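Before any comments, here is the structure.
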Amino acid sequence: MVQTYQSPVRIYKYPFEIVIAAYQKRFPTCPQIPIFVGSEITSEYHSPDGAVEIIDRKCQLNVDAPYLVKKIAGVDYVYFNQKNSLDRRNRTLEIEATNISFASRIAILEKCNYYVHPENNEWTCFEQSASLDVKSFFGFE
């Protein structure tokens, strides 16, 4: 059973470079996002001219659930991999996240894209899509 989600396009009335600089401030931790416990870079690539940057991270989220649910699931935190591909020349950032926690039972894929607004190059667009595929959870398929 696969569930999908597609967000409407959000428009930020700020240039791409400012929006991306603000986005990058959340790493490795961000007090303004208390559910985001932290992250560590697992691989990093920078093109010689500095235009392309690809960063893979392992991220940790605090499970926002009642104590009993955490005990039954046996977790306080969930982990996911995130790959950020920034292309400064084309002014795009593609983000892909997949779950590590419960990966044998649930497959989560989230894709986010930041790009310059097609009609106003001083604005930035944001799109998000996600899919959830429940393979087997607590004996149910």
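Among (1) in contact (Cβ under 8 Å) with a residue 24 or more places away in the chain; (2) under 13 Å from the mean Cα position of the chain (by Cα), there is one condition residue 95 misses while meeting the rest; what is its number?
Exception for residue 95: condition (1).
When you scan the stretch 57-70, do you find a residue that is part of a strand (DSSP E or B), aliphatic (A, V, I, L, M) and either in contact (Cβ under 8 Å) with a residue 40 or more places away in the chain or loosely packed, with under 11 Cβ neighbours inside 10 Å (or both), even just one?
Of all residues in the stretch 57-70, those part of a strand (DSSP E or B) come to 57-62.
Checking the rest, the ones that are also aliphatic (A, V, I, L, M) come to 61.
Next, only the ones that are either in contact (Cβ under 8 Å) with a residue 40 or more places away in the chain or loosely packed, with under 11 Cβ neighbours inside 10 Å (or both) stay: none.
Within the stretch 57-70, not a single residue is part of a strand (DSSP E or B), aliphatic (A, V, I, L, M) and either in contact (Cβ under 8 Å) with a residue 40 or more places away in the chain or loosely packed, with under 11 Cβ neighbours inside 10 Å (or both).
Quick check on the stretch 29-48. Is at least one of its residues out of contact with any strand residue (DSSP E or B) (no Cβ under 9 Å at 6 or more places or on another chain), closer than 17 Å to residue 86 by Cβ and loosely packed, with under 12 Cβ neighbours inside 10 Å? Can you show your working first?
Initially, the stretch 29-48 is screened for residues out of contact with any strand residue (DSSP E or B) (no Cβ under 9 Å at 6 or more places or on another chain), giving 31-33, 48.
Subset that is closer than 17 Å to residue 86 by Cβ: 48.
After this cut, where a residue has to be loosely packed, with under 12 Cβ neighbours inside 10 Å as well, the list is 48.
Checking the stretch 29-48: at least one residue is out of contact with any strand residue (DSSP E or B) (no Cβ under 9 Å at 6 or more places or on another chain), closer than 17 Å to residue 86 by Cβ and loosely packed, with under 12 Cβ neighbours inside 10 Å.
Looking only at the stretch 29-45, how many residues end up being within 12 Å of residue 60 (Cα to Cα) and in contact (Cβ under 8 Å) with a residue 24 or more places away in the chain?
The number of residues fulfilling the criteria is 5.
So is residue 23 touching a residue at least 60 places away in the same chain (Cβ under 8 Å), touching a helix residue (DSSP H, G or I) at 6+ places or on another chain (Cβ under 7 Å), surrounded by 15 or more Cβ atoms within 10 Å (Cβ to Cβ) and among the hydroxyl-bearing types (Ser, Thr, Tyr) or not?
On the way: touching a residue at least 60 places away in the same chain (Cβ under 8 Å): yes; touching a helix residue (DSSP H, G or I) at 6+ places or on another chain (Cβ under 7 Å): no; surrounded by 15 or more Cβ atoms within 10 Å (Cβ to Cβ): yes; among the hydroxyl-bearing types (Ser, Thr, Tyr): yes.
Considered against the rule, which asks whether it is touching a residue at least 60 places away in the same chain (Cβ under 8 Å), touching a helix residue (DSSP H, G or I) at 6+ places or on another chain (Cβ under 7 Å), surrounded by 15 or more Cβ atoms within 10 Å (Cβ to Cβ) and among the hydroxyl-bearing types (Ser, Thr, Tyr), residue 23 comes out as no.
Please indicate, with yes or no, whether at least one residue in the stretch 111-124 is at pLDDT 95 or above, among the aromatic types (Phe, Trp, Tyr) and more than 19 Å from residue 6 (Cβ to Cβ).
Taking the stretch 111-124 and keeping what is at pLDDT 95 or above, we get 111-124.
Narrowing further to those that are among the aromatic types (Phe, Trp, Tyr): 114-115, 123.
When the remaining residues are screened for being more than 19 Å from residue 6 (Cβ to Cβ), the result is 123.
So far as the stretch 111-124 goes, yes, one or more of its residues are at pLDDT 95 or above, among the aromatic types (Phe, Trp, Tyr) and more than 19 Å from residue 6 (Cβ to Cβ).
Would you mind telling me which numbered condition in (1) farther than 20 Å from residue 3 by Cβ; (2) modelled with pLDDT under 95; (3) buried (at least 16 other Cβ atoms within 10 Å of the Cβ); (4) not basic (Lys, Arg) residue 77 fails?
Residue 77 satisfies all of (1) farther than 20 Å from residue 3 by Cβ; (2) modelled with pLDDT under 95; (3) buried (at least 16 other Cβ atoms within 10 Å of the Cβ); (4) not basic (Lys, Arg) except (3).
Checking residue 25 against (1) modelled with pLDDT of 95 or more; (2) of a type in the set (D, E, K, R); (3) farther than 26 Å from residue 107 by Cα, only one condition comes out false. Which one?
(1)
So residue 51 passes all but one of these: (1) surrounded by 11 or more Cβ atoms within 10 Å (Cβ to Cβ); (2) more than 26 Å from residue 122 (Cβ to Cβ); (3) among the small types (Gly, Ala, Ser). Which condition number does it fail?
Of (1) surrounded by 11 or more Cβ atoms within 10 Å (Cβ to Cβ); (2) more than 26 Å from residue 122 (Cβ to Cβ); (3) among the small types (Gly, Ala, Ser), only one is false for residue 51: (2).
Tell me which residues, restricted to the stretch 109-141, are among the charged types (D, E, K, R), surrounded by fewer than 12 Cβ atoms within 10 Å (Cβ to Cβ) and farther than 14 Å from residue 15 by Cα. Full working, then the answer.
So in the stretch 109-141, the residues among the charged types (D, E, K, R) come out as 110-111, 119, 122, 127, 133, 135, 141.
Filter again for surrounded by fewer than 12 Cβ atoms within 10 Å (Cβ to Cβ), leaving 119, 122, 141.
Across the stretch 109-141, the qualifying residue is only 141.
Would you confirm whether or not the stretch 33-45 contains a residue that is farther than 29 Å from residue 121 by Cα and of a type in the set (Asp, Glu)? Give the derivation first.
Initially, the stretch 33-45 is screened for residues farther than 29 Å from residue 121 by Cα, giving 34-43.
Adding the requirement that they be of a type in the set (Asp, Glu) leaves 40.
Looking through the stretch 33-45, at least one residue is farther than 29 Å from residue 121 by Cα and of a type in the set (Asp, Glu).
Just checking, how many residues over the stretch 81-108 are surrounded by 15 or more Cβ atoms within 10 Å (Cβ to Cβ), at pLDDT below 95 and either in a strand (DSSP E or B) or of a type outside the set (Ser, Thr, Tyr) (or both)?
As a first pass, look at the stretch 81-108 and keep what is surrounded by 15 or more Cβ atoms within 10 Å (Cβ to Cβ): 81-88, 91-97, 99, 101-102, 105, 107-108.
Checking which are at pLDDT below 95 leaves us with 99, 101-102, 105, 107-108.
This time we only want the ones that are either in a strand (DSSP E or B) or of a type outside the set (Ser, Thr, Tyr) (or both), so: 99, 102, 105, 107-108.
Selection size over the stretch 81-108: 5.
The values are calculated or read from the model by the stated rules, or taken from the named source; none is laboratory data. Source: prediction; values computed, not measured. So basically every Cβ, Gly included, is an ideal-geometry build from the backbone, and we count neighbours across all protein chains shown.
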